[in-house]
Structure formats: structure tokens, C-alpha cells
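S.K.: Before I ask anything, here is the structure I am working with.
FYI, it's all coordinate maths here, none of it is from the lab. Predicted model, so just to flag it, every value in this text is computed and none were measured. We place every Cβ from the backbone using ideal geometry, glycine too, and count neighbours over all the protein chains shown.
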Amino acid sequence: MKKIIPAVKGTRDFYPEQMAVRTWLYETVRKVSEAFGYQEWEAPILESLELYAAKSGEELVTKQSYVFADRGGNQITLRPELTPSLARMIAQKQNQLVFPVRWWSFGPFWRYEQTQKGRSREFFQWNIDLLGADSPEADAELVAIAAGFFKAVGLRPAQALIYVNDRRLMDAEFEALGVAPDRRMDVAGLVDRRDKMEADAWQAYALELGLSARQLDGLGALLDDRSRWQKSAELRRLFACLEALGVKEYVEYDPSIMRGLLYYTGTVFEAFDVAGSVRRSILGGGRYDNLLADVGGEPLPAVGFAMGDAVIGIVLEELGLLPADLQVGPAEVLVTVFSPDLQLESLRLAADLRQAGLKVSCYPEPAKLSKQFKYADRTGVAVTLVVGPDEAAEGRVAVKELASGTQELVARAEVAAAVKRLLESRVP
RNA sequence: GUGCCUGUAGCUCAAUGGCAGAGCACUUGACUGUGGAUCAAGAUGUUGCGGGUUCGAGCCCCGUCAGGCACCCCA
């Protein structure tokens, strides 16, 4: 007990309280996903390094991935994201699947990065994707799912918003500004960083990247123009769809949303909490129409997003939106053990009650009743049973409801029914 | 990889360079067959680790490790 080997940095221990939150999040994600007709799926946790090499981004692959050689000498990666696995699995069965495919998943991912608020090295992520539809309507569906999730957890538009942009629009704007195609990734990075840097530093950085003063002015005007989306036919349709879907108030056009991943080709979006302490995105995604072809499949349009559990967990906690009744009691009933000679009788009683469908734990050894009752109280048990010498002789059981403190003697055969009555009459 | 902050009892935290403490939790009893509330008693420490300064270090200095936060980067 003196020396406890510490948990691996960046991992989180899920004690029952935290596990209850994670399970609740998972169930909420499931409900929202299924409400839109999506099917749950899962990919391997181990993947080949080369799966990510093509399109996941230099930083993610070379610096943030957990990579090791297996005994066969293959370079194996603990998956840092899901989309490449999705592309692979779709490509493998491309001729058998019925499109559009709507899939969702919730599982663990690993990235070796500096731990800080909202960022751990092991995290859980909701992924949801629609493949085989190339329309603003499909994009709108994914944005609406994100908004639907916010509604489901009680986040209001004043608390969390989804910011949308379109890389095609930005590409056209960059073209109009005369930014060479091979410089656009840099400029995209510049755009992405505008809110994070001081204005002076940002401008200096822009000039450093080789932008002319005229281009810088144009870029500034572009980023300040919140109605520029109307120049994009796709975004006009997208916003019309969002209104029809009843989630318009959750969505805003934001020209500074670019997203880092290389494979996005069209609509991109990212959600942030509006006022909270976390400046990281709650979720993010977009359209990636080239990825299937890039991993060796037939070209296939796709759109999707991902949401990590850490940031949303902090946001919901800070806003008091985590359900208060998540604590799962260990059992409804505790059977006490009066004495060594009555231990087997207690075990028989517990077994009978379980047979009747109750959640029952039995104290593991004879102990003072005060200790056993205290244990029942501290662990949240609703009903405690005592089989002492008197009860055993009469073929009865003492049934005590802890909340009210009332106790009655019940015939052995009637205990299950009596306990069930108590549990039903209990005020939650 | 860079910077800032923090490491003291199981937990949360005190302690001018001068006897290491409190609250909560825990154990026992008041209560020999019954939880919560109350009261009483009790147990609990290599002050993260290693050096240095000092008559004397939890406190000051150096190093180191761990954690948190912010950069970097980023779903």
C-alpha cells in the first residue's frame, strides 16, 4: 500500500461515478444517432500505421500516434481517429453496401499529446458519418444531428453553437485574392489562428507567410464578413435545410472555421461552448469526398463529425447539465448475516430474492448488525433484511426500509413480494 | 519541445525558519439484535524524491520526479 504504481499519464480512471457519466453519454449518443436512422458499428483499435499516412496530417501521424512494432515486425498504431478505418471498411464492401450508409460509433482513441484541460491521451469519441450522398442536404443532416445532441443534453443555443464554413467557398475566395494553390494550406492555418492571436501578431505572421498588404486586407474583409455565405449556393441550401430541420438557431456561419485535417473537401463545422471555460471545440467535422478513393476504393462522397467525451463532459458539468440521478446503487436489497450458523440461511434468502428478479447483495460475513446496517446505508441500499434466531425459528424475515426506518416481520415465502411493494411505493 | 503554478494524514487544506495540525472520512464505545443525528475516546505522516544553506528547513536555494494550466498542435 505504500507504493502505488501511478496510472499512465493522460489516462483517466473511471470509478463507478465517472463510469455512470460515460455510460449516460453513450446512451444519449445512441438515442440521437438512432433517431436519425444511423446504425452502430465498430472498427479495430489496432490499425496499420500506413492507414493514416496518406491523409491524417503530418503531426497526427508522426508525433501524436502510439506506434509500436508487433512480433511480426509490422508497424501498428493505436487508432488516433476513426475516419480512415471507416473508409477502409466501406471500401472493402463497397459493392455490397446499400447507399447512403449511415453509421455511428463510440469508442476509445489514443493520441500522444500534452495533457491539459479537455485533452487527455486516451479518450472516447462519438463518430457519425453519412456516406454516398453528395448534397448540402446531407451536410445539413449531420449538423442537425449535432444540434439534436445538444438539445438532448439540454444545451441551449445561448450555451453552445455550431459554426459552419465551406472549404470550396474559401478556396474560391483565396483564388480571388490571388493566393497560389500551394500556399492555401498555410493561409488556412493563418485563418484558423486569427481568433487566438493578437491582431498585430496575426498580421505580422500573415506578412511572414508572403501575403501582400492587399491580400491581407482582403483576407481581413473576408473574415469579418458574416454574410459571405450567401455567395455559396451550397451554404444557402444548407441553411435552408437547417431551418426546415428546426435547428437553425444552433448554427452560425463563421469564415474562420477551416479545420486541420487534410481530407475535408467541402462543408466544415465545429461546435464551441459560448461562455464556458473550455476554448476547445466540442465537436467537429465536415465533408470528405476524396477519402474513399484515397484508400483504394471507388470515389464516394461522405460527411461526418466526431465528438470527444472530455470537452463535452466539462461543458455539461460546468453548466450543471449532468443528470443528478446517475449514481447506480449497488443493490436494492442487503441481506444481513446474523451469525455463522445462520449464514447459509441468509445466502438461501438472497438467492431466492434474486430468482424473483431483485438486485440483492448479501453481507459477506457475520458482523455486528450496526456495521451491516451502516454499510447498507452508506451504499444506498433501499431495503435491509435480517434473519436472526427469532425470525429463523418462526420462518419469518425482518424487512426494514431504510428511508422511513419502518420494519415489519414477513413470512419467508412472502419476502420477495413485500420487498417489491416497498420498492414500488418508494418516492424516488 | 517551451513557460507558469502546485506537491503536507485516505480526502480537502493549515502551519513568521523554532514541538507537523484542523475539518471530513476511518476504528471503538455510549447502544449485548438495527443505519443516518449527537457525544466521547483512538489510530493515521520518510511534508514527492535527492542534495545544499542554517544552531534549526514543510517553509529558503539547486536539482529531480509527478500532476495541473497555458503555449505548440489538434480531432
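S.K.: Treating only the Cα positions of the stretch A:131-281 as identical point scatterers, give the base-10 log of I(q)/I(0) from the Debye formula at each q in 0.08, 0.17, 0.20 Å⁻¹.
M.R.: Here the Debye-derived log intensity ratios amount to -0.24, -1.01, -1.29.
S.K.: Restricting attention to the stretch A:113-219, which trypsin sites (Lys or Arg not before Pro) occupy a DSSP loop and are surrounded by at most 12 other Cβ atoms within 10 Å?
M.R.: Within the stretch A:113-219, the qualifying trypsin sites (Lys or Arg not before Pro) (loop, at most 12 other Cβ atoms within 10 Å) are A:K117, A:K196.
S.K.: Looking at the stretch A:150-208, which GluC sites (Glu not before Pro) are in a loop (DSSP not H, G, I, E or B) and have at most 11 other Cβ atoms within 10 Å?
M.R.: When the GluC sites (Glu not before Pro) of the stretch A:150-208 are filtered for loop state and at most 11 Cβ neighbours within 10 Å, A:E198 remain.
S.K.: Okay, moving on. What nm value, rounded to one decimal, do you get for the distance between A:A240 and A:E175 when each label is placed 7 Å out toward the C-beta?
M.R.: Roughly 2.3 nm, to one decimal.
S.K.: Report the label-to-label distance for A:R354 and A:Y205 in nanometres (one decimal), using points 7 Å from each Cα along the Cα→Cβ vector.
M.R.: 6.0 nm
S.K.: Could you give the size of the charge dipole of chain A about its Cα centre, using +1 on the Cβ of each K and R and -1 on the Cβ of each D and E, expressed in debye and rounded to the nearest 20?
M.R.: In debye, rounded to 20, chain A gives about 860.
S.K.: R0 = 35 Å: FRET efficiency of A:E249 with A:R22, Cβ-based, nearest 0.05?
M.R.: Once rounded, the FRET efficiency stands at 0.75.
S.K.: Over chain A, what is the relative contact order in percent, taking alpha-carbon pairs closer than 8 angstrom and at least six residues apart?
M.R.: That works out to 15 percent.
S.K.: Count neighbours as other Cβ atoms within 10 Å of each site's Cβ, and list the trypsin sites (Lys or Arg not before Pro) in the stretch A:234-331 that are DSSP loop with at most 15 such neighbours.
M.R.: Listed in order of number, the matching sites are A:R279.
S.K.: Using only the Cα atoms of chain A, what do you get for the radius of gyration and for Dmax, in Å?
M.R.: Over chain A's Cα set, Rg and Dmax evaluate to 28.4, 97 Å.
S.K.: What fraction, in whole percent, of alpha-carbon pairs in the stretch A:143-193 exceed 13 Å separation?
M.R.: The share of Cα pairs beyond 13 Å in the stretch A:143-193 comes to 66 percent.
S.K.: To continue, here is another question. Output the pairs from A:K31/A:K248; A:K63/A:K196; A:K63/A:K117; A:K9/A:K248 with a Cα-Cα distance over 31 Å in this structure; if there are none, say none.
M.R.: Check vs 31 Å cut-off fails for A:K9/A:K248.
S.K.: May I ask you to compute the full-extension gain from A:D182 to A:R119, defined as 0.36 nm times their residue separation minus their alpha-carbon distance, rounded to one decimal in nm?
M.R.: Net length gain for the segment: 19.6 nm.
S.K.: Suppose R0 equals 56 Å; then what is the FRET efficiency for A:Q39 and A:K368 from their Cβ-Cβ distance, rounded to the nearest 0.05?
M.R.: 0.55
S.K.: On to the next question. At a Förster distance of 56 Å, what's the computed FRET efficiency of A:L347 paired with A:D195, Cβ-Cβ distance as r, to 0.05?
M.R.: According to the calculation, E is roughly 0.30.
S.K.: Taking Cα pairs under 8 Å and at least six residues apart, what relative contact order does the stretch A:329-425 come out at, in percent?
M.R.: Over the stretch A:329-425, the number comes to 29 percent.
S.K.: Name the residues of the stretch A:340-370 whose amide N is less than 19 Å from a point 7 angstrom out from the Cα of A:E394 along the C-beta direction?
M.R.: A:342, A:345-346, A:349, by backbone N distance to the label point.
S.K.: Take the Cα of A:K231, step 7 Å along the line toward its Cβ, and report every residue of the stretch A:246-260 whose backbone nitrogen sits under 11 Å from that point.
M.R.: none
S.K.: Now, a different point. Using helices alone, what [θ] at 222 nm do you get for chain A, with -39,500 (n - 2.57) per DSSP H run of 4 or more residues, divided over all residues and rounded to the nearest 500?
M.R.: That calculation yields -11500 deg cm²/dmol at 222 nm.
S.K.: Can you tell me the alpha carbon radius of gyration of the stretch A:76-152 divided by the globular rule-of-thumb value 2.2 N^0.38 Å?
M.R.: The stretch A:76-152 yields a ratio of 1.31.
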